[in-house]
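Chemist: Attaching a single structure in structure tokens format; questions to follow.
The values are calculated or read from the model by the stated rules, or taken from the named source; none is laboratory data. Note that the coordinates shown come from a computational prediction; the quantities given were computed from them, not determined experimentally. All Cβ positions, glycine included, derive from the backbone under ideal geometry; neighbour counts span all protein chains shown.
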Amino acid sequence: MASYAATARDHRFRFDSLAAVMAAASPERSGDQLAGIAAGSALERVAARRVLMDLPLTTFLTDALVPYEEDEVTRLIIDGHDRAAFAPVASMTVGDLRDWLLSPATDGAALAAVAPGLTPEMVAAVSKLMRNQDLIRVARKVRVVTAFRNSIGGAGVLASRLQPNHPADDPRGIAVAVLDGLLQGAGDAVIGINPASDNLANCHALLVALDEMRQALDIPTQTCVLTHVTNALTLLGRGAPVDLIFQSVAGSQAANEGFGITLSMLAEAHQAGLAAGRGTVGQNVMYFETGQGSALSADAHHGVDQQTMEARAQGVARAYAPLLVNTVVGFIGPEYLFDGKQIIRAGLEDHFCGKLLGLPMGVDVCYTNHVEADQDDMDTLSTLLAQAGVNFVIAVPGADDVMLGYQSLAFEDIAYLRETTGLTPAPEFAAWLDAFGLSGGALPDTGAMVRRLGLSA
Amino acid sequence: MSVPDLRRLSALTPARVRLQAGAGPTDLSDLLRFQQDHAAARDAIHGQVVWDALARDLDPLPVLRVDSMATDRATYLRRPDLGRQLAGHDLPRLNASLQLVIGDGLSAPAVMAQAAGVVRALIACLPELAGRPVVLAQGARVALGDAIGAATGAGMVLMLIGERPGLSVADSLGAYMTHAPRIGLRDNARNCVSNIHLNGGLSHQAAAERLAWLVMQGRRIGATGIALKDESGGSDLLPPLG
């Protein structure tokens, strides 16, 4: 195993492995401290970044942070690496890559072309050399467009997931939350429920309820019940209206086993979703969530820092052409991201890394009550992400998820972001809002919406 | 349909719906209500259990006080591993078949409002607990109960602990039980009864009945966790938050 060294001021710092360099170079966060791999001092952090600056990108192809023989995620990354796409940056160091990404001459087409040649470890490494403004500046050049019943991710588009969760999965309560979101222009990325119970019959009933609402109002969007991939497969087999197949994914085989999944299960699900053929304008059928700290919490991080493990989780997601990928950045708790500063940084990193890898990146801009954060931090992060060109964000009524017990964005926050940036909903959805008088011009016929959602008295 | 008709629908969900197209910025009164609810949750998380008062509430049960290795709130939040370890205590071998532990967890108000009531209801269901010492643990995570159970030689440990506060309820108590407790057990070795509070949650009496059922059934099959299914007759509980 190679060792590395660099100097900051007059201090010489040694690192026993590439993983140690990556961990020490990461911005401060509680999860890496919990794992005992964070930089021991601020100077050590700078020294580690100096090591990365001069490190050839090809190092990541030969020095696997998680062993190739032990881990199918590493094998997916290495075996799937596109050497031809990598060629334009193959002779660069991580520092060179940073400069190249920031160069005005490097445009979205160049970034899209190189994406299959970049590994998660490479994009994680370069993110550690970038300030928040750099993460925004580069990510905003990248457009990743995906489609199912509408197309998301185009220039000038900011979509949103409408998350109508209910503590008892009550279909009428859910319908009210769906109506609330639609009235405020949310729901083009997906109308997606986290079920309170993973019981199959319950999930089936929710899928039918969401699909009936979508059809009743002829909404050009997709629906999802976020249950385990094996449940979605079973329900597809029973003829349930499964638009998107959801799964949480992590950056190592062992962490994915903690989620009860393997890569072959994801491949099977992807094929089943394609076979169902429910998309009308596109066939991106998968929806993935990730979040820094998931590998550590499963004791499956292999001594690798949480931000790099997160990029590896994104490497899993990109193998299955997803419609949507989002980080649940503030959900996992203060032992991984302690406060608003760490959540904001991590949200920008996850968005940047995902976009560089070619993913349709969204973010659940969120926090739990035991984190040092509040809605002001969410305003900051969502405003930055809108600047960075995020594909979608998640919104719930009044920012309060009454089932999962955490705070995300509110529907009116989507309206704020659109008002202050000029961003618009997905084009098909924008036309639908127009037709229902929900884009500000005419008076909406809310009575008809209520009747069609089955909510009349 | 007029606006009041739409507002009527808000009774169908506890969510903070507005049901208004182009609603604009949040109404100030709603904003302040949200801030108030978040403030209550924050205060609950950073509050301190008044252990002497709790001991008086538990009287005549004797109490033993212990601390985890997480010595202050900031450390507690950052280092869940320390909250699972006992700080150098010499706990006596109590050898209880069921050892009660009360831990602060993430909500001091939950412990102050619910713990003594649940213990009294439990004693009514499980008379063996009468007169037995209760361990009071500061800086506690759920798994600290296993360390305490192991140190005291308990056959089973039952940890009552403050749950992570939500915006609507900041004083909800959780109960976790482990058969043959020892250090290093995972969540799948425990059973949980959550949402014990007086604001639409599980009452002290209902929680005690369910826990007593789980204790008896756990003894019968010699296990807790995934092997022990809650079929105690009540409605299905939601999984614990976070």
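Chemist: Among A:Ala139, A:Ala115, which is within 20 Å of A:Val73 (Cβ to Cβ), within 20 Å of the chain's Cα centre (by Cα) and among the hydrophobic types (A, V, I, L, M, F, W, C)?
Modeler: The conditions single out A:Ala115.
Chemist: Can you tell me which of B:Ala140, B:Ala115 is modelled with pLDDT of 95 or more, small (Gly, Ala, Ser) and closer than 15 Å to B:Val63 by Cα? Talk me through it step by step, then tell me what you get.
Modeler: Working: B:Ala140 fails: closer than 15 Å to B:Val63 by Cα.
After applying the criteria, what remains is B:Ala115.
Chemist: Out of the residues in segment A:134-162 meeting the condition of being touching a helix residue (DSSP H, G or I) at 6+ places or on another chain (Cβ under 8 Å) and more than 30 Å from A:Pro104 (Cα to Cα), tell me which one is farthest from the other protein chains (Cβ to nearest Cβ).
Modeler: A:Arg149
Chemist: In segment A:1-57, which residues are of a type in the set (Gly, Ala, Ser) and part of a strand (DSSP E or B)?
Modeler: A:Ala5, A:Ala6, A:Ala8
Chemist: Condition check: surrounded by fewer than 24 Cβ atoms within 10 Å (Cβ to Cβ), touching a residue at least 40 places away in the same chain (Cβ under 8 Å) and out of contact with any Cys (no Cβ under 9 Å at 6 or more places or on another chain). Does A:Val249 satisfy that?
Modeler: no
Chemist: A follow-up question, please. Pull up segment A:192-204, narrow it to residues that are within 14 Å of chain B (Cβ to nearest Cβ) and in contact with a Pro (Cβ under 7 Å, 6 or more places away or on another chain), then point me to the one that is surrounded by the fewest Cβ atoms within 10 Å (Cβ to Cβ).
Modeler: Among residues in segment A:192-204 that are within 14 Å of chain B (Cβ to nearest Cβ) and in contact with a Pro (Cβ under 7 Å, 6 or more places away or on another chain), the one surrounded by the fewest Cβ atoms within 10 Å (Cβ to Cβ) is A:Asn202.
Chemist: Next question. Which of the numbered conditions does B:Gln20 fail, given that it passes all the others? Conditions: (1) outside any helix (DSSP H, G or I); (2) touching a Leu at 6+ places or on another chain (Cβ under 7 Å); (3) within 14 Å of chain A (Cβ to nearest Cβ); (4) under 18 Å from B:Leu136 (Cα atoms).
Modeler: It fails just one condition, (4).
Chemist: Could we say that A:Ala168 is part of a loop (DSSP other than H, G, I, E, B), more than 14 Å from chain B (Cβ to nearest Cβ) and more than 29 Å from A:Leu76 (Cα to Cα) here?
Modeler: No.
Chemist: Same structure, new question: Evaluate segment A:276-291: report whether one residue or more is in a loop (DSSP other than H, G, I, E, B) and under 15 Å from A:Gln253 (Cβ atoms).
Modeler: Checked against the condition, which is being in a loop (DSSP other than H, G, I, E, B) and under 15 Å from A:Gln253 (Cβ atoms), segment A:276-291 yields no hits at all.
Chemist: Restricting to segment A:62-84, and then to whatever is part of a helix (DSSP H, G or I) and touching an Asp or Glu at 6+ places or on another chain (Cβ under 9 Å), can you tell me which residue is surrounded by the most Cβ atoms within 10 Å (Cβ to Cβ)?
Modeler: A:Ile77
Chemist: What number goes with the only condition from (1) surrounded by 24 or more Cβ atoms within 10 Å (Cβ to Cβ); (2) out of contact with any Gly (no Cβ under 6 Å at 6 or more places or on another chain); (3) within 11 Å of another protein chain (Cβ to nearest Cβ) that A:Leu183 does not pass?
Modeler: The single condition A:Leu183 does not satisfy is (1).
Chemist: Further question on the same structure: How many residues does segment B:55-74 contain that are more than 10 Å from every other protein chain (Cβ to nearest Cβ), over 19 Å from the mean Cα position of the chain (by Cα) and either among the charged types (D, E, K, R) or part of a helix (DSSP H, G or I) (or both)?
Modeler: Residues that pass the stated criteria total 3.
Chemist: Same structure, new question: Does A:Gly173 qualify as being within 13 Å of chain B (Cβ to nearest Cβ) and either assigned to a helix (DSSP H, G or I) or more than 23 Å from the chain's Cα centre (by Cα) (or both)? Write out each step before concluding.
Modeler: Details: within 13 Å of chain B (Cβ to nearest Cβ): yes; either assigned to a helix (DSSP H, G or I) or more than 23 Å from the chain's Cα centre (by Cα) (or both): yes.
Considered against the rule, which asks whether it is within 13 Å of chain B (Cβ to nearest Cβ) and either assigned to a helix (DSSP H, G or I) or more than 23 Å from the chain's Cα centre (by Cα) (or both), A:Gly173 comes out as yes.
Chemist: Name the single residue that is farthest from the chain's Cα centre (by Cα) among those in segment A:362-381 being surrounded by fewer than 24 Cβ atoms within 10 Å (Cβ to Cβ) and more than 10 Å from every other protein chain (Cβ to nearest Cβ).
Modeler: Only one residue tops the list, namely A:Asp376.
Chemist: Quick one: would you say A:Leu207 is touching a strand residue (DSSP E or B) at 6+ places or on another chain (Cβ under 8 Å) and either more than 12 Å from chain B (Cβ to nearest Cβ) or among the hydrophobic types (A, V, I, L, M, F, W, C) (or both)?
Modeler: Answer is yes for this residue.
Chemist: Follow-up. For A:Ala177, state whether it is out of contact with any Pro (no Cβ under 6 Å at 6 or more places or on another chain) and hydrophobic (A, V, I, L, M, F, W, C).
Modeler: Details: out of contact with any Pro (no Cβ under 6 Å at 6 or more places or on another chain): no; hydrophobic (A, V, I, L, M, F, W, C): yes.
So A:Ala177 does not fit the description; no.
Chemist: Can you name the residue in segment B:34-54 that is within 9 Å of chain A (Cβ to nearest Cβ) and closer than 24 Å to A:Gln163 by Cα and is also surrounded by the most Cβ atoms within 10 Å (Cβ to Cβ) among such residues?
Modeler: B:Ala41
Chemist: While we're looking at this one, here's another question. Do we find that A:Val304 is at pLDDT 95 or above, in a strand (DSSP E or B) and surrounded by 24 or more Cβ atoms within 10 Å (Cβ to Cβ) in this structure?
Modeler: no
Chemist: Let me ask you something else. Restricting attention to segment A:53-74, report how many residues are under 20 Å from A:Ser127 (Cα atoms) and under 25 Å from the mean Cα position of the chain (by Cα).
Modeler: Going through segment A:53-74 one residue at a time, the tally reaches 7.
Chemist: Can you tell me which residue in segment B:117-148 is surrounded by the most Cβ atoms within 10 Å (Cβ to Cβ), limited to those that are in contact with a Phe, Trp or Tyr (Cβ under 6 Å, 6 or more places away or on another chain) and closer than 16 Å to B:Leu173 by Cβ?
Modeler: Here the answer is B:Leu136.
Yes or no, residue by residue, for (1) over 20 Å from B:Gly162 (Cα atoms); (2) surrounded by fewer than 17 Cβ atoms within 10 Å (Cβ to Cβ); (3) away from chain A (no Cβ under 14 Å):
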{"residue": "B:Tyr76", "(1), (2), (3)": "no, no, no"}
{"residue": "B:Leu82", "(1), (2), (3)": "no, no, no"}
{"residue": "B:Asp90", "(1), (2), (3)": "yes, yes, yes"}
{"residue": "B:Arg93", "(1), (2), (3)": "yes, yes, yes"}
{"residue": "B:Ala96", "(1), (2), (3)": "yes, no, yes"}
{"residue": "B:Leu100", "(1), (2), (3)": "no, no, yes"}
{"residue": "B:Asp104", "(1), (2), (3)": "no, no, no"}
{"residue": "B:Ser107", "(1), (2), (3)": "no, no, no"}
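Chemist: Then there's this: Just one of A:Leu348, A:Leu404, A:Leu359, A:Leu384 is assigned to a loop (DSSP other than H, G, I, E, B), away from every other protein chain (no Cβ under 12 Å) and in contact (Cβ under 8 Å) with a residue 60 or more places away in the chain; which is it?
Modeler: Of A:Leu348, A:Leu404, A:Leu359, A:Leu384, the one residue that is assigned to a loop (DSSP other than H, G, I, E, B), away from every other protein chain (no Cβ under 12 Å) and in contact (Cβ under 8 Å) with a residue 60 or more places away in the chain is A:Leu359.
Chemist: Taking the residues in segment A:387-401 that are part of a helix (DSSP H, G or I) and facing chain B (nearest Cβ under 8 Å) as candidates, determine which candidate is farthest from A:Ala373 (Cα to Cα).
Modeler: A:Pro397
Chemist: If you don't mind, another one. When segment A:148-199 is examined, which residues are found to be closer than 20 Å to A:Val363 by Cβ and of a type in the set (A, V, I, L, M)?
Modeler: If the condition is that a residue be closer than 20 Å to A:Val363 by Cβ and of a type in the set (A, V, I, L, M), then A:Ile152, A:Ala155, A:Val157, A:Leu158, A:Ala159, A:Leu162, A:Ala186, A:Ala189, A:Val190, A:Ile191, A:Ile193 are the ones that fit.
Chemist: A:Thr420 fails exactly one of the following numbered conditions: (1) over 18 Å from A:Gln133 (Cα atoms); (2) polar (S, T, N, Q); (3) buried (at least 22 other Cβ atoms within 10 Å of the Cβ). What is the number of that condition?
Modeler: Result: A:Thr420 passes all but (3).
Chemist: Kindly establish whether A:Ala87 is of a type in the set (A, V, I, L, M), in a loop (DSSP other than H, G, I, E, B) and surrounded by fewer than 16 Cβ atoms within 10 Å (Cβ to Cβ).
Modeler: Considered against the rule, which asks whether it is of a type in the set (A, V, I, L, M), in a loop (DSSP other than H, G, I, E, B) and surrounded by fewer than 16 Cβ atoms within 10 Å (Cβ to Cβ), A:Ala87 comes out as no.
Chemist: If I ask for residues that are of a type outside the set (A, V, I, L, M, F, W, C) and closer than 27 Å to A:Thr327 by Cβ, which ones from segment A:235-249 would you list?
Modeler: Of everything in segment A:235-249, those that are of a type outside the set (A, V, I, L, M, F, W, C) and closer than 27 Å to A:Thr327 by Cβ turn out to be A:Asp243, A:Gln247, A:Ser248.
Chemist: So which residues in segment A:423-457 are among the polar types (S, T, N, Q) and surrounded by fewer than 21 Cβ atoms within 10 Å (Cβ to Cβ)?
Modeler: Within segment A:423-457, A:Thr424, A:Ser439, A:Ser456 qualify.
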